[in-house]
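Here it is: the structure, laid out below.
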Amino acid sequence: MQISNYIYFFRYDTNESELCKLESRFIFDKEEKNKLLLSDVKAEPSSSAFIKKRLEIILFSEDYSTLIDKIQREKICAEGFKVEYLVLDGDKTAYAQRLEKLKDIGYCIEGNPEYYKPTITYALCCYGGIWCFGELVKNSFAWYKHKQKPYSYSNSINTNIAKALVNIAAKANKKKKLLDACCGVGTIMLEACFAGNNIEGCDINWKVCRQARENLSHFDYTTNVYRSDIKDISNRYDAAIIDLPYNLFSYADDDTTSHIIESTVEITDRLVIVSTSDIANLINNAGLTISDSCSVRKSGKTNFTRKIWVCEKNG
Ligand SMILES: C[S@@+](CC[C@H](N)C(=O)[O-])C[C@H]1O[C@@H](n2cnc3c(N)ncnc32)[C@H](O)[C@@H]1O
């Protein structure tokens, strides 16, 4: 009997389902299904807007009492621990029985339990007939603080999309050097810095550059924001994110879009582009192949859809 190292639990609304699956493909190399995913890849829940929690499986067994024996033999000491029961699809265990099982585990652990501010949270669940016990890590949602950034615009990309773009660009590898090529006030950069990614930003507009720097320093993040046309950036990056201008506060026609994409291709082989229209022909003309894509509809606004294109340089 084999089981992966981690079980991930997801949450998202219907508008974001495609985006969550796209992010999953780049973090885990597979999609979540029914808001659940098993993987050997270790990802931090707080790096994503969609990963609600991660169970790191310590012990498992098809037989519940064998699992309890195994936990006892593990001789776990944890002051201030908590144990939760995670109900998965198909688990018919009644509420009273679930409480009994939590007690069984509590008795196996040396130390006092702490319900409200636990130092460590363990969890029990039954996945496809296999009882799993492990350490539970929840999304802290501490990144919600970025919603209070000093500067933002109504056209700024939302935080959930920003976090997904970073994960798609970096493929969950914190060492990858990223560029936010049209960084605006730095919405994407804030999420990258929070998650510990290596990112720099660039924007042609001096005012938004100053605001991006102030937003970053407000949360004590330090990185470079270049006031520059993207064509004048000469550093090389593992991947670039481009949230293209779309005629709201800055002018954008096909020539502008092509200029930005073609200039970015000069400094990276991998691009994650956000547009509000179908720009597949402009992407192909820039010598790129679209390897994946998805659409994200803005909630409440049926006719406003963003398109995300994951592109690789040809050859
Ligand atoms: C849609 S906005 C980006 C918004 C940003 N993601 C945020 O959350 O604030 C597009 C940005 O592209 C910038 N831009 C337009 N042409 C550019 C160029 N040639 N080089 C660099 N930035 C450019 C604009 O100044 C604008 O801030």
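With (1) surrounded by fewer than 12 Cβ atoms within 10 Å (Cβ to Cβ); (2) closer than 25 Å to residue 160 by Cβ; (3) within 11 Å of the ligand (Cβ to nearest atom) as the list, and residue 232 as the residue in question, which single condition is left unmet?
Condition not satisfied by residue 232: (2).
Something else: Are any residues in segment 294-311 surrounded by 14 or more Cβ atoms within 10 Å (Cβ to Cβ) and either in the same structural domain as residue 12 (by TED's automatic domain parsing) or in contact with a helix residue (DSSP H, G or I) (Cβ under 8 Å, 6 or more places away or on another chain) (or both), and if so, which ones?
294, 296, 297, 298, 306, 308, 309, 310, 311
Can we say residue 171 is touching a Pro at 6+ places or on another chain (Cβ under 7 Å) and charged (D, E, K, R)?
The answer is no for residue 171.
Please go through segment 136-163 and give me each residue that is of a type in the set (Lys, Arg) and surrounded by 13 or more Cβ atoms within 10 Å (Cβ to Cβ), ordered by number.
Correct list: 138, 149, 163.
Just checking, which of 132, 209, 202 is crowded, with 21+ Cβ neighbours inside 10 Å, in contact with a helix residue (DSSP H, G or I) (Cβ under 7 Å, 6 or more places away or on another chain) and of a type outside the set (A, V, I, L, M)?
The unique qualifying residue is 202.
Moving on to the next point. Go through 284, 303 for me and flag whichever is assigned to a helix (DSSP H, G or I), farther than 23 Å from residue 199 by Cα and among the polar types (S, T, N, Q).
Answer to the selection: 284.
Restricting attention to segment 248-256, does a residue exist that is assigned by TED's automatic domain parsing to the domain that holds residue 297, in contact (Cβ under 8 Å) with a residue 60 or more places away in the chain and over 24 Å from residue 173 (Cα atoms)?
Yes, the conditions are met somewhere in segment 248-256.
Are there any pairs with C-beta distances below 9 angstrom linking a residue in segment 21-42 that is surrounded by 14 or more Cβ atoms within 10 Å (Cβ to Cβ) to a residue that is among the hydroxyl-bearing types (Ser, Thr, Tyr) and part of a helix (DSSP H, G or I), with the two at least 6 apart or on different chains, and if so which?
Pairs that qualify, where the first residue is surrounded by 14 or more Cβ atoms within 10 Å (Cβ to Cβ) and the partner is among the hydroxyl-bearing types (Ser, Thr, Tyr) and part of a helix (DSSP H, G or I), are 27/47; 32/24; 37/24.
So which residues in segment 235-247 are in contact (Cβ under 8 Å) with a residue 24 or more places away in the chain and within 12 Å of the ligand (Cβ to nearest atom), if there are any at all?
Selection gives 240, 241, 242, 243, 244, 245, 246.
Can you tell me which condition residue 163 does not meet? The list is (1) within 16 Å of the ligand (Cβ to nearest atom); (2) over 24 Å from residue 306 (Cβ atoms); (3) of a type in the set (Lys, Arg), and all the others hold.
(2)
Further, regarding this structure: Anything in segment 170-195 that is more than 13 Å from the ligand (Cβ to nearest atom) and either basic (Lys, Arg) or within 12 Å of the chain's Cα centre (by Cα) (or both)? List them, or say none.
Across segment 170-195, the qualifying residues are 170, 171, 172, 173, 174, 175, 176, 177, 194, 195.
Please count how many residues of segment 2-20 are crowded, with 20+ Cβ neighbours inside 10 Å and touching a Leu at 6+ places or on another chain (Cβ under 6 Å).
So the count comes out to 2.
Pick out, from segment 137-238, the helices (runs of 4 or more DSSP H) lying fully within it that include 3 or more residues that are under 24 Å from residue 13 (Cα atoms) and outside the structural domain of residue 86 (by TED's automatic domain parsing).
Correct list: 159-170, 187-194.
The values are calculated or read from the model by the stated rules, or taken from the named source; none is laboratory data. Predicted model, so just to flag it, every value in this text is computed and none were measured. For neighbour counting, all protein chains shown are included, and Cβ atoms are generated from backbone atoms with ideal geometry for every residue, glycine included.
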